[in-house]
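*Asks:* This structure is in structure tokens; I'll ask about it shortly.
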Amino acid sequence: MNTDAYLKRIGLDGSVPTPEAESLRLLQRSHLLAVPFENLDIHWKRPITIDTAKFYDKIVGEKRGGFCYELNGTFNELLVSLGFRTLLVSARVFNGTAHGPEYDHAAIIVTIDDEEYLADVGFGDFTAEPLRFVLDEEQQDAAGVFVLRRFDEEYLEVAKKDGDGWKSQYIFKDIARELSEFAEMCDFQQYSPESHFTKGKVCSLMTENGRKTLTDKAFIVTSVGERTEVPVGSEEEFDHILGREFGITRTEVRATSI
């Protein structure tokens, strides 16, 4: 990994952050503002294999994004290269009715001095900055109010405030995992008709004032709480918006994969 090139990719050219809490916040926020959450390779028939060198080439070399295994897998490598102590952990995502299987999602626990943080740049619309690993304390973030709490005797849960209640985001155990352990679920996510990633394209990026998201059906922009939605009527229109808003073109992707 070329750390300088990675830092330049996320807008931190010329500065090498030290392994401190403020640096972790800057790194996560900068990553989310520069690197989109996207599943385009699944629909462009480019296999995704658990390989951090390939993830790095895609994110830094091709200026692309990816989904959790790619984004958090590579971000974890960046943090380690900068001197942070990390654990890559397995999480089970809440799908609206239940939590998914183990290795459904990859997240990162970072230890700085005597404090721990939950860092995540691969969950789409999630926290803008790492969550302090303090249980049952509401934490205000640019993306909302979150809490870390016990789920049961085995799992911890991160939940987001939703009206007067809380909506589960995912549950996890604070057990270190190897990235290779996520390979089977990575294949499921990209090939199974039961995976929501195979049902349609998505490319989403946090902005300074909100988020912009492109799907097969719509281009949605949220800014300072205001939401606008423009229908996407064709694949050509999708590709045009993808290039204009995210700097990704299908022609370039095909060329670099040869």
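*Asks:* Leu205: touching a Pro at 6+ places or on another chain (Cβ under 7 Å), modelled with pLDDT of 95 or more and either farther than 22 Å from Leu40 by Cβ or among the hydrophobic types (A, V, I, L, M, F, W, C) (or both), yes or no? Before you say what the answer is, go through the steps one by one.
*Replies:* Numbers: touching a Pro at 6+ places or on another chain (Cβ under 7 Å): yes; modelled with pLDDT of 95 or more: yes; either farther than 22 Å from Leu40 by Cβ or among the hydrophobic types (A, V, I, L, M, F, W, C) (or both): yes.
Here the answer is yes, as Leu205 does meet what is asked.
*Asks:* Can you pull out every residue in the range 56-74 that is part of a helix (DSSP H, G or I) and of a type in the set (D, E, K, R)? Break it down stepwise before answering.
*Replies:* Residues of the range 56-74 part of a helix (DSSP H, G or I): 56-61, 68-74.
Result: Asp57, Lys58, Glu70.
*Asks:* Return the residues of the range 1-35 that are of a type in the set (Val, Ile, Thr) and either open to solvent by 70 Å² or more (accessible area, probe 1.4 Å) or farther than 26 Å from Asp113 by Cβ (or both); say none if nothing qualifies. Step through it out loud before you land on a result.
*Replies:* Taking the range 1-35 as the starting set, the residues that turn out to be of a type in the set (Val, Ile, Thr) are 3, 10, 16, 18, 35.
Val16, Val35, listed by residue number.
*Asks:* Select from the range 83-99 the residues that are of a type in the set (Gly, Ala, Ser) and open to solvent by 10 Å² or more (accessible area, probe 1.4 Å) and list them in ascending order.
*Replies:* Step one: list which residues in the range 83-99 are of a type in the set (Gly, Ala, Ser), which gives 83, 90-91, 96, 98.
Gly83, Gly96, Ala98 - these are the residues of the range 83-99 that are of a type in the set (Gly, Ala, Ser) and open to solvent by 10 Å² or more (accessible area, probe 1.4 Å).
*Asks:* Does Ile59 satisfy the criteria of being touching an Asp or Glu at 6+ places or on another chain (Cβ under 9 Å), buried (at least 22 other Cβ atoms within 10 Å of the Cβ), of a type in the set (Val, Ile, Thr) and in contact (Cβ under 8 Å) with a residue 12 or more places away in the chain?
*Replies:* Working: touching an Asp or Glu at 6+ places or on another chain (Cβ under 9 Å): yes; buried (at least 22 other Cβ atoms within 10 Å of the Cβ): yes; of a type in the set (Val, Ile, Thr): yes; in contact (Cβ under 8 Å) with a residue 12 or more places away in the chain: yes.
Answer is yes for this residue.
*Asks:* Can I ask one more? Does Asp216 satisfy the criteria of being within 30 Å of Lys45 (Cβ to Cβ), open to solvent by 30 Å² or more (accessible area, probe 1.4 Å), within 18 Å of the chain's Cα centre (by Cα) and modelled with pLDDT of 95 or more? Step through it out loud before you land on a result.
*Replies:* Values: within 30 Å of Lys45 (Cβ to Cβ): yes; open to solvent by 30 Å² or more (accessible area, probe 1.4 Å): yes; within 18 Å of the chain's Cα centre (by Cα): no; modelled with pLDDT of 95 or more: yes.
No: the conditions fail for Asp216.
*Asks:* Report, ordered by the first and then the second residue, all pairs with beta carbons closer than 7 Å, sequence separation of six or more or different chains, a first member in the range 33-55 that is touching a residue at least 60 places away in the same chain (Cβ under 8 Å) and in a loop (DSSP other than H, G, I, E, B), and a second member that is surrounded by fewer than 19 Cβ atoms within 10 Å (Cβ to Cβ) and aliphatic (A, V, I, L, M).
*Replies:* These pairs meet every condition: Trp44/Val253; Ile50/Ala183.
*Asks:* Another one. Quick check, is Ile220 under 25 Å from Ser30 (Cα atoms) and not in a helix (DSSP H, G or I)? So that I can check it myself, show each step before the final result.
*Replies:* Numbers: under 25 Å from Ser30 (Cα atoms): yes; not in a helix (DSSP H, G or I): yes.
Judged against the criteria, Ile220 is a match.
*Asks:* Here is a further query. Scan the range 111-164 for residues that are hydrophobic (A, V, I, L, M, F, W, C) and assigned to a loop (DSSP other than H, G, I, E, B) and jot them down. Walk me through it before giving the result.
*Replies:* Within the range 111-164, the first condition is being hydrophobic (A, V, I, L, M, F, W, C), and the residues that meet it are 112, 118-119, 121, 123, 126, 128, 131, 133-135, 142-143, 145-148, 151, 156, 158-159.
Of everything in the range 111-164, those that are hydrophobic (A, V, I, L, M, F, W, C) and assigned to a loop (DSSP other than H, G, I, E, B) turn out to be Val121, Phe123, Phe126, Ala128, Phe133, Val134, Ala142, Ala143, Phe151.
*Asks:* Could you pull out the residue among Asp187, Asp239 that is in contact with a helix residue (DSSP H, G or I) (Cβ under 8 Å, 6 or more places away or on another chain) and open to solvent by 30 Å² or more (accessible area, probe 1.4 Å)? Spell out how you get there, then give the answer.
*Replies:* Details: Asp187 fails: in contact with a helix residue (DSSP H, G or I) (Cβ under 8 Å, 6 or more places away or on another chain).
Answer to the selection: Asp239.
*Asks:* Turning to a different aspect of this structure: Among residues belonging to the range 165-182 that are in a helix (DSSP H, G or I) and in contact with a Ser or Thr (Cβ under 8 Å, 6 or more places away or on another chain), point out the one that is surrounded by the most Cβ atoms within 10 Å (Cβ to Cβ).
*Replies:* Initial filter on the range 165-182 (in a helix (DSSP H, G or I)): 179-182.
Subset that is in contact with a Ser or Thr (Cβ under 8 Å, 6 or more places away or on another chain): 179, 181-182.
On the way: Leu179: 19, Glu181: 14, Phe182: 23.
Within the range 165-182, the match that is surrounded by the most Cβ atoms within 10 Å (Cβ to Cβ) is Phe182.
*Asks:* Identify all residues within the range 199-213 that are open to solvent by 40 Å² or more (accessible area, probe 1.4 Å) and either touching a Leu at 6+ places or on another chain (Cβ under 8 Å) or among the polar types (S, T, N, Q) (or both); write none if there are none. Please lay out each step first, then the result.
*Replies:* Of the range 199-213, the ones open to solvent by 40 Å² or more (accessible area, probe 1.4 Å) are 199, 207-209.
Once the filter is applied, which keeps residues that are open to solvent by 40 Å² or more (accessible area, probe 1.4 Å) and either touching a Leu at 6+ places or on another chain (Cβ under 8 Å) or among the polar types (S, T, N, Q) (or both), the range 199-213 yields Thr207, Glu208, Asn209.
*Asks:* Oh, and also: Which pairs turn up if I take residues in the range 117-134 that are among the hydroxyl-bearing types (Ser, Thr, Tyr) and look for partners that are open to solvent by 10 Å² or more (accessible area, probe 1.4 Å) and in a loop (DSSP other than H, G, I, E, B) with beta carbon separation below 7 Å, at least 6 apart in sequence or on another chain?
*Replies:* Short answer, once both residue conditions are applied: Tyr117/Pro130; Tyr117/Phe133; Thr127/Ala143.
*Asks:* Also: Output the number of residues of the range 102-140 satisfying the condition of being open to solvent by 20 Å² or more (accessible area, probe 1.4 Å) and either of a type in the set (A, V, I, L, M) or more than 18 Å from Asp174 (Cβ to Cβ) (or both).
*Replies:* 6
The values are calculated or read from the model by the stated rules, or taken from the named source; none is laboratory data. Computed from a predicted model, the values in this text were never measured in an experiment. When we count neighbours, we look across all protein chains shown, and the Cβ atoms used for this are built from the backbone with ideal geometry, even at glycine. All accessible areas refer to the heavy atoms of the entire protein, side chains included, with ligands and DNA or RNA removed. Shrake-Rupley method; radii C 1.70, N 1.55, O 1.52, S 1.80 Å.
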